[in-house]
Amino acid sequence: MKVHEYQAKEVLTQFGVATQGGYVATTVEDAVAGAKKLQANGASLFVVKAQIHAGGRGKGGGVKLARSIEEVRERSEAMLGMMLKTHQTGPEGQKVKKILITDGVDIVKEYYLGITLDRSRNMNVIMASTEGGVEIEKVAEETPELIHKVWIDPTIGIQGYQARQIAFALGFQGDLFKQCVGFVLKLYKAYEETDCSLAEINPLVTTKDGKLMALDGKINFDDNALFRHKDLAEMRDTDEEDPLEVEASEFHLNYIKLDGNVGCMVNGAGLAMGTMDIIKIAGGEPANFLDVGGSANPQTVEAGFRIILKDPNVKAILINVFGGIVRCDRVALGVVEAAKNVNINIPLIVRLQGTNAEEGQEILKNSGLKIETAILLKEAAEKVTHALAA
Ligand code: GDP
Ligand code: MN
């Protein structure tokens with residue numbers, strides 16, 4: 001689960017990670033009121049920052065300095081409601097509904113610091129670079145040697161010397177070295193205790209008055225661990241997510257939208273991936289990943305149909321269900337019922353295998369619906385691509 005910068009900073013602050021204060025606003029008046037509070041605390045420079053779930057905001061015009069309350073007003077007016085385009089949003093951009101007003105910081109140098117899971121080593125990895133700021137992707141691609149990595153064994157946890165390795169790699173000395181060691185240890189603690197899959201500070205900055213702090217914060221939480229973080233789960237902002245994916249999650253369907261034209265509905269994540277592969281091998285392109293889970297029933301099948309059909313790119317649907325615990329005749333009944341409630345005017349190919357598969361096939365055949373059935377997965381995929389070509 002992704003969260004906004006202001007939420008990431010709230011979490012980081014709870015763990016003692018240094019960052020500048022700020023106020024989140026959905027209206028210009030609130031933004032101005034926030035800036036006035038910062039001013040009362042001594043701020044004379046402000047930053048107005050678009051809160052969207054995408055990076056690269058600075059380059060797209062979503063991060064603006066303001067030197068007065070009046071400028072905060074102007075910047076906020078311009079930013080709230082704008083369609084912000086960055087390299088991480090779609091071409092139409094993302095609508096800015098919230099902005100963050102922060103203290104403007106006098107930057108001496110920008111650094112990069114990130115923690116994520118290195119799946120190939122089964123360890124967390126801390127990445128740090130002196131080349132922080134808005135071009136970190138370019139650094140990673142062109143000069144990867146400038147990104148220093150330290151791997152943390154999760155069974156042992158982070159050790160002091162590892163935090164010192166990072167501070168050393170970033171070239172800090174004296175008090176900044178100490179601040180950096182503390183920063184890394186606190187960030188790691190935040191990452192681990194909130195079950196992050198990513199905690200990224202870009203830029204981490206040194207300031208004119210000798211401080212080290214997070215100017216930006218990006219956190220992703222591991223969805224599978226959210227059940228033990230009710231407070232964090234509440235930070236979810238569905239406005240920032242694909243509407244079809246939000247709808248699917250309401251039915252506990254595991255749906256991910258893709259760019260192809262073959263909608264697929266499958267039970268089990270592994271089978272869903274295999275189905276996508278075989279669609280590709282047969283010359284098609286999957287429009288989505290959809291795992292209806294082990295409990296494919298008429299309601300979930302119907303919800304699955306609705307969601308798949310809302311994607312205008314979908315030109316054919318392939319249902320692939322392996323009846324293990326779930327019975328194929330029940331799934332077939334679900335398909336028939338759903339097909340009656342949802343208007344399906346594109347080819348539908350159903351492949352049922354496993355428990356009560358024959359009864360399932362019978363139900364589909366006798367339903368009077370225009371459904372093609374298949375026994376082999378390869379056959380099903382070929383029927384789909386054939387239907388597309390017809
Ligand atoms: P991103 O582009 O979405 O990653 O947004 P960031 O929060 O990282 O901001 C982008 C850039 O804006 C930073 O790399 C800084 O150069 C600049 N910036 C952000 N906040 C401040 C600030 O308080 N003072 C100054 N001088 N620059 C800032
Ligand atoms: Mn950034």
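Evaluated against (1) buried (at least 16 other Cβ atoms within 10 Å of the Cβ); (2) within 18 Å of Leu146 (Cβ to Cβ); (3) more than 16 Å from ligand 2 (Cβ to nearest atom), Ile201 falls short on exactly one condition, (3). Only a single item in (1) among the hydrophobic types (A, V, I, L, M, F, W, C); (2) within 16 Å of ligand 2 (Cβ to nearest atom); (3) touching a Ser or Thr at 6+ places or on another chain (Cβ under 9 Å) is not met by Val134, and it is number (3).
Quick grid of which residues meet (1) away from ligand 1 (no atom under 13 Å from the Cβ); (2) modelled with pLDDT of 95 or more; (3) closer than 29 Å to Cys180 by Cα; (4) not assigned by TED's automatic domain parsing to the domain that holds Ala199:
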{"residue": "Phe15", "(1), (2), (3), (4)": "yes, yes, yes, no"}
{"residue": "Val32", "(1), (2), (3), (4)": "yes, yes, no, yes"}
{"residue": "Gln39", "(1), (2), (3), (4)": "yes, yes, yes, yes"}
{"residue": "Lys59", "(1), (2), (3), (4)": "no, no, yes, yes"}
{"residue": "Gly62", "(1), (2), (3), (4)": "no, yes, yes, yes"}
{"residue": "Ser68", "(1), (2), (3), (4)": "yes, yes, no, yes"}
{"residue": "Glu71", "(1), (2), (3), (4)": "yes, yes, no, yes"}
{"residue": "Ala78", "(1), (2), (3), (4)": "yes, yes, no, yes"}
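The number of residues in the range 137-152 that are assigned to a helix (DSSP H, G or I) and within 16 Å of ligand 2 (Cβ to nearest atom) comes to 4. Restricting attention to the range 273-288, the residues that are crowded, with 18+ Cβ neighbours inside 10 Å, over 17 Å from Leu376 (Cβ atoms) and in contact with an Asp or Glu (Cβ under 8 Å, 6 or more places away or on another chain) add up to 2. Anything in the range 254-290 that is assigned to a loop (DSSP other than H, G, I, E, B), within 18 Å of Leu348 (Cβ to Cβ) and of a type outside the set (S, T, N, Q)? List them, or say none. Matches in the range 254-290: Gly260, Ala282, Gly284, Glu285, Ala287.
Here's the yes/no breakdown for (1) in a strand (DSSP E or B); (2) surrounded by fewer than 16 Cβ atoms within 10 Å (Cβ to Cβ); (3) hydrophobic (A, V, I, L, M, F, W, C):
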position	(1), (2), (3)
Gln299	no, yes, no
Ile307	no, no, yes
Ile317	yes, no, yes
Val326	no, no, yes
Arg330	no, no, no
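The set of residues in the range 98-129 that are outside any strand (DSSP E or B), surrounded by 16 or more Cβ atoms within 10 Å (Cβ to Cβ) and over 22 Å from the mean Cα position of the chain (by Cα) comprises Gly104, Val105.
Applying a threshold of 9 Å to beta carbon distances and a minimum spacing of six or more residues, or different chains, the list of pairs starting in the range 130-141 at a residue that is in contact (Cβ under 8 Å) with a residue 12 or more places away in the chain and closer than 18 Å to Leu215 by Cα and ending at one that is of a type in the set (Gly, Ala, Ser) and part of a helix (DSSP H, G or I) reads Thr130/Ala169; Gly133/Gly58; Val134/Gly58. Counting the residues of the range 54-73 that are over 21 Å from Gly42 (Cα atoms) and away from ligand 2 (no atom under 16 Å from the Cβ) gives 0.
Hey, can you tell me all the residues within the range 332-354 that are at pLDDT below 90 and surrounded by fewer than 18 Cβ atoms within 10 Å (Cβ to Cβ)? The answer is Glu337, Lys340, Asn341, Val342, Asn343, Asn345.
The values are calculated or read from the model by the stated rules, or taken from the named source; none is laboratory data. Predicted, not measured: the structure shown is a model, and the values here were computed from it. In this analysis, Cβ positions are derived from the backbone assuming ideal geometry, glycine residues included, and neighbour counts consider all displayed protein chains.
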